[in-house]
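Below you'll find the structure, written out as structure tokens, and then a few comments.
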Protein chains: 4
Amino acid sequence: MGSNSFGTIFRITTWGESHGKALGVVIDGCPAGIELHDDDVNAALALRSPGRNPYISPRKEPDHGEILSGTFRGKTTGAPICIIIPNHDFDTSKYDPISHLLRPGHANYTYLEKYGVFDYRGGGRSSARETASRVAAGAVAAQFLKTVGIQVGAYIKQVANIHAIIDCMDVAELRALVYQSPVYCPDPQAAEGIMALLEEAKAQGDSYGAIIEFITSPLPVGLGDPIYEKLNANLAKAMMTIPAAKGIELGSGFKACEMKGSEHNDLFVMDDNQIKTKTNYAGGTLGGISDGMPILGRVAFKPTSSISKPQKTLTVSGEEADFLLPAGSRHDPCTALRAVPVIEAMTALVLVDAILLNRCVKL
Amino acid sequence: MGSNSFGTIFRITTWGESHGKALGVVIDGCPAGIELHDDDVNAALALRSPGRNPYISPRKEPDHGEILSGTFRGKTTGAPICIIIPNHDFDTSKYDPISHLLRPGHANYTYLEKYGVFDYRGGGRSSARETASRVAAGAVAAQFLKTVGIQVGAYIKQVANIHAIIDCMDVAELRALVYQSPVYCPDPQAAEGIMALLEEAKAQGDSYGAIIEFITSPLPVGLGDPIYEKLNANLAKAMMTIPAAKGIELGSGFKACEMKGSEHNDLFVMDDNQIKTKTNYAGGTLGGISDGMPILGRVAFKPTSSISKPQKTLTVSGEEADFLLPAGSRHDPCTALRAVPVIEAMTALVLVDAILLNRCVKL
Amino acid sequence: MGSNSFGTIFRITTWGESHGKALGVVIDGCPAGIELHDDDVNAALALRSPGRNPYISPRKEPDHGEILSGTFRGKTTGAPICIIIPNHDFDTSKYDPISHLLRPGHANYTYLEKYGVFDYRGGGRSSARETASRVAAGAVAAQFLKTVGIQVGAYIKQVANIHAIIDCMDVAELRALVYQSPVYCPDPQAAEGIMALLEEAKAQGDSYGAIIEFITSPLPVGLGDPIYEKLNANLAKAMMTIPAAKGIELGSGFKACEMKGSEHNDLFVMDDNQIKTKTNYAGGTLGGISDGMPILGRVAFKPTSSISKPQKTLTVSGEEADFLLPAGSRHDPCTALRAVPVIEAMTALVLVDAILLNRCVKL
Amino acid sequence: MGSNSFGTIFRITTWGESHGKALGVVIDGCPAGIELHDDDVNAALALRSPGRNPYISPRKEPDHGEILSGTFRGKTTGAPICIIIPNHDFDTSKYDPISHLLRPGHANYTYLEKYGVFDYRGGGRSSARETASRVAAGAVAAQFLKTVGIQVGAYIKQVANIHAIIDCMDVAELRALVYQSPVYCPDPQAAEGIMALLEEAKAQGDSYGAIIEFITSPLPVGLGDPIYEKLNANLAKAMMTIPAAKGIELGSGFKACEMKGSEHNDLFVMDDNQIKTKTNYAGGTLGGISDGMPILGRVAFKPTSSISKPQKTLTVSGEEADFLLPAGSRHDPCTALRAVPVIEAMTALVLVDAILLNRCVKL
């Protein structure tokens, strides 16, 4: 168990608070012989680090990770890999005036009830800053996936009523476009619209949610396990552990309820001498097991709960109170943006685990 | 591990094939002292059993479960509870002519690739018949939940473009309405429309998908664990393990991307001397931990993959072939209907586990 | 979790009480394609079944197991295998007069305190009858091990001051000798002595403990995982879960404390073109990982707690009382005897799991 | 899973190599509200740190641990606790000349076979230095146990033919005596003999094994779970994960085979208004569940494998070679000595986990 761990064979355990000394991750079960350097981790961390443009949080964190164990001469050894990311830019004093208030949309109420204590400084353990540890782990997973030719991409599909439309879905091309965009959106026109929306939201002290689409290279057939360890179920869990996620769908998703079986069934066809399906309404799995098509899905995120507008709330002891974030609080007008690399990381973690597990089941 | 197990403290392991001798479940970790009789299990099984009306599969299975262990004088003892459900109505010979064909929308291709063998008779282990075991386990979970005053309900919310609209959401009342309806829909007008649609689909040899909404009584605050064992994440996984599920959302769900933070934040208010939230866009959790509101969510199901229309497909060795289900094959025009009690069962399983785990963390 | 489950990839869950309707096991994670019939299970069950000779319990149980799921045309499919073993010979009424007494050396006191209820009939879940389920699962594990050429043997090494001395340690030969002996002892002279001892103990209404030695074929190098999943640690746990086990040692065991490093270090040598060690004080593992030598160890068992002599005890409410087993109670003068096939089963389960896990770690 | 993790609810994950930058541990599942400071950890680390007297390794490591997460204002918060222990005194170059040799009694052969790579510097991950992480985690466990009044002690019981004899077994008193002794032995006369033996062994470049006895305060009744999560089985596993452990026994242990049931059965008696047993041959558990008596057991350790005497061995490619440790290599003449605090730590970890799990099972 352990609620701070994820994965079965390739298992990560993250630790650290938003305003603590450091955060990090231990990765257990990574096969030996994978190339891995600090640079691989730091390149990934850079994709979600704050402070880089006006559409994301201004907190200044270099997010430099250091590998403390588990590698020897630039390769993994099979031993657990500990990566540490020191925290730098935090001033905990500004949270003191609101430490007795329930923050709307935040977890301080539920943590307080559960644990009797809450490290309120920047959200403590419940802060989305924890996702830096996921991205560091995802970088290790991606190094493994590279050895088997699998890539994962994600992008902002929708904010408010602005929809991104993309033609190509080659994962490498897609990622190149995504990470050029300040708002993680490969459709330049949609990106323009989203930037305008977010500037307006910032001016109003408000925030937006978003939908992120993710896609993988075509997977080998056979990943995932029947019944309760279905690949799609583990992906769904992975996505819903990301702060602010409200929904996850694969393939046809919620639209499936409007389709007939004769439309929805993906017909088997030969493609380049391989069994494939003509369409991908399934989203890449049948019976919970990868079917040779790309995994394709979408995750919905709520708008950032931290807003600068005044809100009504209660004190921890239940009295009515006004809630106003301290001046200078740093937050994202749309936290979902920086969830793009987090979704890539979670997908990579699920896939590596499924690959390693799959080697066990088939004789 | 074990891909046929679900849950951590209250842990079920299901077994059995669609056309095998029997199916069943072992429940480990059920607290001692819970009232439990065969009748409790069989009342639950009756809600999903086939053969009762024209809108569900005509397979004739009494679905009678027998408790083989774990109770003493009508109460649980803390020992594992094994429940067995014998199979009766199966004629495996009619599947022989299609045993060499890939069934569109089905798992025989992926199972074959993964295991090198497929028990094709009625879908073998991948059949939705496995969900009978879940419902049996859910009945035990519900007996536990009764002792802490929690109920779970679910209903058909949408089929094609027909939406059910309900006023009341008291769980007991809701369930009463749902289980009176042949199509598990508490809105009589919508139910009429759905029945008409399904009759038409049957006539055409086609099928439909659906959306199911589920809701619980208001939960105690503090269930679920931070980061990777969030209550919502475990619910998402639970739902996506159900055959044919394509998506899951909680609270505002996919609509969240169209909302602003100032609209979406559920404000804390006092209600009958308890801290509650004014709205429930969160769907019952904050930071992955129950916040005192009902859990509210929706699951999307694809249309039944078994249809009577002829389809193009491939043989297991990749040659083009025509696929036609044998005459007399039994299937549901909308399998999602019978997923209603399955969703209740999965929700109950997740809640019991969270309750038992929660007692560990707080000193 | 689940305290009735054992193993990680190849994971068993046992269920059933001594005097319930049936007992059994679900095996999850068995690879597909392994030959498996009821006969394989029943041949193994016969080795520990009661009622066959004067040195073991006279309870008359045919111990006939039936495979209910997970096989197709005589081979495993990768789906969970449920095996059921119905109970026949039990008369629960004779336990009624002692149901309010704490049985010396038995678990009814601790179960009562833990669960508030105890199924006292024949020891309920805490009865060594549960080990029938282990032996059934072990038979499946052995079918798998056969495919990789590994065998497991065990025998009675010591009862009181009688020591068995054996020359050969070829596992197949050893087993042949062991299972010819009514007291599971391949040394005929020692066996004679043990039989005499046990007859005397029976006459006195008393019982004996024993030490069992177990040995495997030379294993492939690399099984087991570093630090907390060492092969030897998992074997130690496996053995200590067997009712009445009091100790476990591997290789040199407790004698190691009397040796010097220069004596104890097993030197590496080439043997038939393979790296082996000259001696096997290590008992088959180095750093928790199999080193190419046989696993060799010993398990100590306490004397059967059920004796016919009168004993002093307390009632469940703490009053002094006399304890006398009901006339006609069936028990073994040395339960350790029938632990021989149980130790083989547990060893096989640990090995299969290690083999399946090992395939995951090496790239 | 994860072979570098131990425990279920209170779960530790250790990381780090002997000659890497640092080592450490993440503790997940520690209840909130436990007092915890760096000093608590460092006091425990001091009990096993090297360099303090002539009977243990001369490596100079301050073993200073720093808590990086999981506490707020000197108390645990329920969030994962990461403790880091930087390495200081290591010179990896001296291991270069022997990097191609199989070290007798060491894990480099098995690691090499398993992973294809071995961080040979000081034994890498397989070094007993990893146990520093366990002791750090044990210190956190001990802080928890303090809140429920439970203590754990251990001491050197036997080296070669020297046996320690102790009268009192009050755990606090025992520990005071143990940690005053340079050889962790509370019997001054035996301690003298052991010191003489170890000086002689050092002079000869040789080493010794030992037996350690451990004991706890009387436990509450009901800890541990039936069948496969027995408290004694989890203790056995815990002990056998310690480097160099060759055997574990509880209560009567291996002597049980020489006893009769009428001698071995611990009779229930009232003691100060509580149900206790007259003797403790059981070693503190019945049916795997704590029975209200102290846990009492012994662990056997092999002699240190690192000796200064020349030995025959093979190269990694199988050629015969002479093995001689580089001059200045640091090792313990009897590593078992420093296993005393490690055994205390492992026992504490098992007990905390059992306590937290127990709160789940009883309604």
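Okay, here's what the table says:
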read-out: Qualifying residue in segment A:100-107 (condition: within 14 Å of chain B (Cβ to nearest Cβ), among the small types (G, A, S) and in contact (Cβ under 8 Å) with a residue 60 or more places away in the chain); value: yes
read-out: Subset of segment B:46-96 that is among the aliphatic types (A, V, I, L, M) and in a helix (DSSP H, G or I) - its residue that is farthest from the other protein chains (Cβ to nearest Cβ); value: B:A46
read-out: So B:Y208, is it surrounded by fewer than 22 Cβ atoms within 10 Å (Cβ to Cβ) and of a type in the set (F, W, Y); value: no
read-out: Unique residue being of a type in the set (S, T, N, Q) and surrounded by fewer than 23 Cβ atoms within 10 Å (Cβ to Cβ) when the list is D:S69, D:S49; value: D:S49
read-out: Strands (runs of 3 or more DSSP E) within segment D:196-308 that include 1 or more residues modelled with pLDDT of 95 or more and among the basic types (K, R); value: D:245-250, D:274-277, D:294-301
read-out: Test for A:R11: is it open to solvent by 10 Å² or more (accessible area, probe 1.4 Å), more than 22 Å from A:A336 (Cβ to Cβ) and in contact with a strand residue (DSSP E or B) (Cβ under 6 Å, 6 or more places away or on another chain); value: yes
read-out: Only listed residue being touching a Phe, Trp or Tyr at 6+ places or on another chain (Cβ under 6 Å), aliphatic (A, V, I, L, M) and either at pLDDT below 95 or over 20 Å from B:S329 (Cα atoms) (or both), chosen from B:A32, B:A44; value: B:A32
read-out: The listed residue being touching a residue at least 60 places away in the same chain (Cβ under 8 Å) and within 9 Å of chain C (Cβ to nearest Cβ), out of D:T347, D:T313, D:T335; value: D:T313
read-out: Unmet criterion (only one of (1) at the interface with chain C (Cβ under 7 Å from one of its Cβ atoms); (2) over 22 Å from D:E344 (Cβ atoms)) for D:K276; value: (1)
read-out: Number of the condition not met by C:A244 [criteria: (1) under 22 Å from D:K302 (Cα atoms); (2) open to solvent by 10 Å² or more (accessible area, probe 1.4 Å); (3) touching a strand residue (DSSP E or B) at 6+ places or on another chain (Cβ under 9 Å)]; value: (1)
read-out: Boolean, A:A172 is buried (at least 20 other Cβ atoms within 10 Å of the Cβ) and either at pLDDT 95 or above or under 18 Å from the mean Cα position of the chain (by Cα) (or both); value: no
read-out: Of all residues in segment A:288-315 being farther than 26 Å from A:A210 by Cα and among the β-branched types (V, I, T), the one that is surrounded by the fewest Cβ atoms within 10 Å (Cβ to Cβ); value: A:T315
read-out: Condition check for D:S133: touching a residue at least 40 places away in the same chain (Cβ under 8 Å), within 15 Å of D:D63 (Cα to Cα) and of a type in the set (S, T, Y); value: yes
read-out: Complete set of residues in segment B:258-287 that are under 15 Å from A:F301 (Cβ atoms) and open to solvent by 50 Å² or more (accessible area, probe 1.4 Å); value: B:E258, B:E263, B:Y281
read-out: Residue tally, condition β-branched (V, I, T), buried (at least 24 other Cβ atoms within 10 Å of the Cβ) and more than 19 Å from D:A172 (Cβ to Cβ), over segment D:112-154; value: 2
read-out: Filter result for C:I27 (within 19 Å of C:E130 (Cα to Cα), open to solvent by less than 20 Å² (accessible area, probe 1.4 Å) and over 20 Å from the mean Cα position of the chain (by Cα)); value: no
read-out: Tally of residues being more than 8 Å from chain B (Cβ to nearest Cβ) and hydroxyl-bearing (S, T, Y) across segment A:208-248; value: 2
read-out: Test: residue in segment D:191-198 that is surrounded by 15 or more Cβ atoms within 10 Å (Cβ to Cβ), closer than 26 Å to D:S305 by Cβ and within 17 Å of the chain's Cα centre (by Cα); value: no
read-out: Segment D:1-30, residues that are part of a loop (DSSP other than H, G, I, E, B) and under 25 Å from A:Y115 (Cα atoms); value: D:G7, D:T8, D:I9, D:F10, D:G29, D:C30
read-out: Failed condition for C:G261, given (1) out of contact with any His (no Cβ under 9 Å at 6 or more places or on another chain); (2) under 30 Å from D:T285 (Cα atoms); value: (2)
read-out: Residue pairs meeting the criteria (Cβ under 7 Å; at least 6 apart or on separate chains; first more than 9 Å from chain D (Cβ to nearest Cβ), in segment C:110-125; second modelled with pLDDT under 90 and assigned to a helix (DSSP H, G or I)); value: C:Y120/C:Y95; C:R121/C:T92; C:R121/C:Y95; C:G122/C:Y95
read-out: Residue match in segment A:160-183 (condition: in contact with a helix residue (DSSP H, G or I) (Cβ under 7 Å, 6 or more places away or on another chain) and among the polar types (S, T, N, Q)); value: yes
read-out: Residue within segment A:106-123 that is in a loop (DSSP other than H, G, I, E, B) and aromatic (F, W, Y) present; value: yes
read-out: Members of segment C:316-332 that are within 15 Å of C:G105 (Cβ to Cβ) and either open to solvent by 70 Å² or more (accessible area, probe 1.4 Å) or free of Cβ contacts under 8 Å to residues at least 24 places away in the same chain (or both); value: C:L324
read-out: Some residue of segment C:66-77 being under 23 Å from B:G70 (Cα atoms) and of a type in the set (S, T, Y); value: yes
read-out: Scope segment C:328-354; condition over 20 Å from the mean Cα position of the chain (by Cα) and either at pLDDT 95 or above or farther than 11 Å from C:I307 by Cα (or both); matching residues; value: C:G328
read-out: Positions within segment D:33-45 being within 12 Å of chain A (Cβ to nearest Cβ) and either open to solvent by 10 Å² or more (accessible area, probe 1.4 Å) or assigned to a helix (DSSP H, G or I) (or both), in sequence order; value: D:G33, D:D38
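The values are calculated or read from the model by the stated rules, or taken from the named source; none is laboratory data. Treat the numbers as computed from the prediction; the structure is a model and nothing was measured. Glycine also receives a Cβ, built like all others from the backbone with ideal geometry; neighbour counts cover every protein chain displayed. Ligands, DNA and RNA are excluded from the accessible area calculation, which covers all protein heavy atoms including side chains. Shrake-Rupley method; radii C 1.70, N 1.55, O 1.52, S 1.80 Å.
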